[in-house]
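The values are calculated or read from the model by the stated rules, or taken from the named source; none is laboratory data. What you see is a predicted model; the values in this text were computed from it and never measured. Positions of Cβ are generated from backbone atoms using ideal geometry, with glycine treated the same way; all protein chains shown enter the neighbour counts. For the accessible areas, the whole protein counts, side chains as well, though only heavy atoms, and no ligand, DNA or RNA atoms are used. Shrake-Rupley method; radii C 1.70, N 1.55, O 1.52, S 1.80 Å.
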Amino acid sequence: MKRIQNYIDGQFVSGVREFADINPADGAIIAQVSEADKAQVNDAVQAARCALRGEWARLGARERAARLHRVADAIEKRFDCFVQAEIADTGKPISLASKLDVPRAAANFRVFADLVKMSGLESFHTETPNGANALNYAIRKPLGVVGIITPWNLPLLLLTWKAAPALACGNAVVVKPSEETPATATLLAEAMQEAGIPRGVYNVVHGFGAGSAGEFLTQHPEVNAITFTGETKTGAAIMKSVAATVKPVSFELGGKNAAIIFADCDLETTLAGISEAVFLNTGQVCLCAERVYVERKIFTVFVNALKKKAESLNLGWPADANSDLGPLISAPHREKVLSYFHLATQEGAKVVTGGGIPKFDDKRDDGFYVQPTIYTGLPESARCMKEEIFGPVCHVAPFDSEEEAVGMANDTEYGLAASIWTSDLKRGHRVAQQMNVGITWVNCWFLRDLRTPFGGVGLSGIGREGGVHSLNFYSELNNVCIKL
Ligand code: NAD
Ligand code: 6OH
């Protein structure tokens, strides 16, 4: 049986206990994972502290950047290993892991390596009333030890989205990947070693949340900041846990994202885009659209066309190049999604397609697949319209005016992403600017430029990462004022 270990101070180490890593496509055990106990989490934090006093601290930004490019090289060299590990852990199709997750991991290191070399900071020439002048300039310093806690939906992409800028800024990190998807975090340790990242700079501790490695990390007094992506209620628990030691947090949390489709959209582009926005990664992307609003004139045509798309998706084995969708991540998550399918019908939804478990007559029946699902007919007040489901499901509702569409889209406590589909770019700008979210796409979805601000409002998070926003979170600024 394959074993996945912790990585502490440059060594792969076993934990005191093990837990099973399960393939969601067929329920088989892929590996046994070492769970780090409190002492091992402390060892990882101490290793990171020690690394901050060593070679890593003496490297300039240029040399750190060079090493991060080497991490990207090492990821690319192991491309197939990363893809295989990611599809086994998540069940996502190989086409997705090889087009999105693994290339993005390498890109995260390259982008932040380049950015940290190029970025400057403001300086001010200050005049005082008595005629004396002063010069103010700020310098960046690392925060110290950054705790990184990540979810299971895009494990390597999201881990590197945080680890790359944290390392670029000169921090040392302790990563706690999701217990559902531990493999690529440990594999990344091999890339770190090959790239010459000094021991203790990148550490991995495996385990769970409350009462396990996740909580031990957030509580640790010598961890200087926590960056977290995951569920909103976990974010709330982490906030409580870090309060005692007043750690800065960066939170990318859940969403209940809306798509607004106007009758003048390019129907084919919009259908392809919405199909991705609803079903990509089996709907397990925080940015996925679970609420789709369509101008009444094209409502019926659109719903029928989206139904056809949903029914044409191939729920395949992850390793099959022709698979469009894999399973959900786990049996409990499937229970949660199915409970919302049940609730939707109780709340008065009409099932356009799906709503159940597909039947394969092979080992996939032991996995955690669900049918791509579309509903109509729910009132805006329904729980299924308010709560994040995180599966391959959307509700489609008609609207008559732009104002009504904006009102419905914004009627949520979340505020991560929105997409607007129209050929009228003036309207695209106008509507986009009214969205109470962190990210609005017009005529596209999940089109990423890593220099742009990324994050959410309301229950969707705290702060922004991306580009200089990441550098600002992962560093402390020291303003120096010199009297001239
Ligand atoms: P989760 O919150 O259950 O778990 C995320 C991580 O937090 C895991 O590593 C888990 O072990 C850890 N954790 C759980 N409880 C903890 C605690 N008390 N203390 C410390 N760590 C703890 O999330 P998930 O189910 O893995 O991921 C799905 C969720 O993530 C969805 O809500 C989705 O919207 C959200 N998400 C958001 C974004 C974004 O950028 N906004 C991106 C991806 C996923
Ligand atoms: C959430 O599931 C997706 C998050 C994506 C990113 O953080 C990103 O940088 O693309």
Return only the number of the condition from (1) assigned to a helix (DSSP H, G or I); (2) among the basic types (K, R); (3) over 20 Å from V175 (Cα atoms) that R110 does not satisfy.
-> (3)
Test: residue in segment 220-239 that is more than 15 Å from K176 (Cα to Cα) and β-branched (V, I, T) | yes
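Step by step: first the residues of segment 436-467, then only those that are within 13 Å of ligand 1 (Cβ to nearest atom) and in a helix (DSSP H, G or I), then the one that is surrounded by the most Cβ atoms within 10 Å (Cβ to Cβ). Which residue is that? Reasoning before the result, please.
Step one: filter segment 436-467 for residues within 13 Å of ligand 1 (Cβ to nearest atom), giving 437-439, 446, 448, 453-466.
From what is left, the residues that are in a helix (DSSP H, G or I) are 458-460.
On the way: G458: 17, L459: 21, S460: 28.
Only one residue tops the list, namely S460.
For residues that are touching a strand residue (DSSP E or B) at 6+ places or on another chain (Cβ under 9 Å) and surrounded by fewer than 23 Cβ atoms within 10 Å (Cβ to Cβ), tally how many sit in segment 203-217. Full working, then the answer.
We begin by selecting, within segment 203-217, every residue touching a strand residue (DSSP E or B) at 6+ places or on another chain (Cβ under 9 Å); these are 203-209, 212-214, 216-217.
Imposing the further condition that a residue be surrounded by fewer than 23 Cβ atoms within 10 Å (Cβ to Cβ) reduces the set to 208-209, 212.
Within segment 203-217, residues that are touching a strand residue (DSSP E or B) at 6+ places or on another chain (Cβ under 9 Å) and surrounded by fewer than 23 Cβ atoms within 10 Å (Cβ to Cβ) number 3.
Name every residue in segment 274-302 that is at positive phi and either more than 16 Å from ligand 1 (Cβ to nearest atom) or basic (K, R) (or both), in order of residue number. Write out each step before concluding.
Pass one, segment 274-302, residues at positive phi: 281-283.
Hits for segment 274-302: nothing passes.
Residue by residue, here is whether (1) touching a residue at least 40 places away in the same chain (Cβ under 8 Å); (2) of a type in the set (D, E) holds:
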site: A244; (1), (2): no, no
site: K256; (1), (2): yes, no
site: D264; (1), (2): yes, yes
site: L267; (1), (2): no, no
site: S275; (1), (2): no, no
site: N281; (1), (2): yes, no
In segment 385-429, how many residues are surrounded by 14 or more Cβ atoms within 10 Å (Cβ to Cβ), touching a Lys or Arg at 6+ places or on another chain (Cβ under 6 Å) and in a loop (DSSP other than H, G, I, E, B)?
-> 3
Just one of the numbered conditions (1) open to solvent by 10 Å² or more (accessible area, probe 1.4 Å); (2) in a strand (DSSP E or B) is not true of G27; which one?
-> (2)
Checked pairs for segment 376-396, first within 16 Å of ligand 2 (Cβ to nearest atom) and among the hydrophobic types (A, V, I, L, M, F, W, C), second open to solvent by less than 10 Å² (accessible area, probe 1.4 Å) and in a loop (DSSP other than H, G, I, E, B), C-beta under 6 Å and 6 or more apart or across chains, list as F390/Q284
Per the filter on segment 235-253, residues within 6 Å of ligand 1 (Cβ to nearest atom) and under 13 Å from I462 (Cα atoms) are I238, E252, L253
Considering segment 230-251 alone, what residues qualify as being within 16 Å of ligand 2 (Cβ to nearest atom), open to solvent by less than 10 Å² (accessible area, probe 1.4 Å) and either within 29 Å of K309 (Cβ to Cβ) or in a helix (DSSP H, G or I) (or both)?
-> G235
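Within segment 288-384, which strands (runs of 3 or more DSSP E) (wholly inside it) include 3 or more residues that are in contact with a Phe, Trp or Tyr (Cβ under 7 Å, 6 or more places away or on another chain), open to solvent by less than 30 Å² (accessible area, probe 1.4 Å) and under 29 Å from P398 (Cβ atoms)? Give the steps one after another, and end with the answer.
Values: elements: 289-295, 350-353, 373-376.
Filter on segment 288-384 gives 289-295.
Does A66 meet the test of being modelled with pLDDT of 95 or more and either under 26 Å from the mean Cα position of the chain (by Cα) or of a type in the set (K, R) (or both)? Step through it out loud before you land on a result.
Numbers: modelled with pLDDT of 95 or more: yes; either under 26 Å from the mean Cα position of the chain (by Cα) or of a type in the set (K, R) (or both): yes.
When the stated conditions are applied, A66 passes them.
If you go through segment 171-180 one residue at a time, do you hit one that is within 16 Å of ligand 2 (Cβ to nearest atom), closer than 25 Å to N23 by Cα, surrounded by fewer than 24 Cβ atoms within 10 Å (Cβ to Cβ) and without any contact (Cβ under 8 Å) to a residue 60 or more places away in the chain?
No, segment 171-180 contains no residue that is within 16 Å of ligand 2 (Cβ to nearest atom), closer than 25 Å to N23 by Cα, surrounded by fewer than 24 Cβ atoms within 10 Å (Cβ to Cβ) and without any contact (Cβ under 8 Å) to a residue 60 or more places away in the chain.
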Count of segment 254-273 residues which are within 16 Å of ligand 1 (Cβ to nearest atom) and more than 14 Å from T440 (Cβ to Cβ) | 2
